[in-house]
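Values in this text are rule-based calculations from the coordinates and carry no lab data. The structure presented is a predicted model; accordingly, all values stated were derived computationally and were not measured. Heads up, the Cβs are rebuilt from the backbone with ideal geometry, glycines too, and the neighbour counts pull from every protein chain shown.
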Amino acid sequence: MLLLRKLICLFAIFVSPSVFAEDDAEVVDKQWEEMAFQFPAAPKQEDLQRFYVGAVTENLFFVDLSSLSVGGDGVVRYTLVILSPEGARNVSFEGMRCDTKERIVYASGRPDGTWSKSRRAQWSRVQEVYGNRHHAALFLEYFCPGGLMVRDADSARESLRRGGASSIY
C-alpha cells in the first residue's frame, strides 16, 4: 500500500507540470489581444525583396519591405507577393505570430492597388508543406528563427536582404 501511494505521488509530480503548462498556455493566449493596424499601400516593384523558398517550386516569392512591421502584440505583418512562371500575381497582407507558430491572411490585393479583406481571417498553424512552404520559410528562416521573433522591422528587412536571420546575428 505504501508503495502504491509513493507511485501515485511520483505520477502526480511528473504529470502536473505538463497539465499546468497547458493551462498557462491557454491563459496566455486568452490574454493576448491583437493591436489595431492599418493596411499598407500597394506594393511597389522597387520595395519587393525576393526570398528563397526551395527548389520544389517555380513560383517567385517576395516581401514588400516597406510594409514590414513588428507589433507590440508579437505579430510580424507584411505584404507577400507571389509570381507564377505564367505571370499570375498573388498579393496578400499577412501576419505571423512566432510564439504560437501561426499565420493569418488579413486581405488580398486587387489589381487596382486596394485591399479586399479576408472573409474568414483566422489564425492557422504554419506548416512545412512540401510544395507550398513559403510561410514555413518566412517563419523558420526570416521572421522567427529558432521560434523567436526578430527584434524589429529593420531586423526583418535585413534578414530578407541577407537571405536569412542567422546571417545577421
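Key figures
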quantity	calculated
Residue among Met149, Ser67, Gly109 farthest towards the positive dipole end of segment 49-168, charges placed on Cβ	Gly109
Dipole moment magnitude, nearest 20 debye, segment 49-168 about Cα centre, only Lys, Arg, Asp, Glu C-beta charged	220 debye
Anisotropy class of segment 57-149 from Cα gyration tensor, a/c 1.5 cut	oblate
Note, ³J(HN,Hα) from phi for segment 87-101, Karplus 6.51, -1.76, 1.60, rounded to Hz, x at Gly and Pro	x, 5, 10, 10, 10, 9, 9, 9, x, 9, 9, 6, 5, 10, 6
Residues Leu138, Leu65 arranged by fewest to most Cβ contacts within 10 Å	Leu65, Leu138
Ranked Ser67, Ser108, Ser116, criterion: other C-beta atoms within 10 Å, fewest first	Ser116, Ser108, Ser67
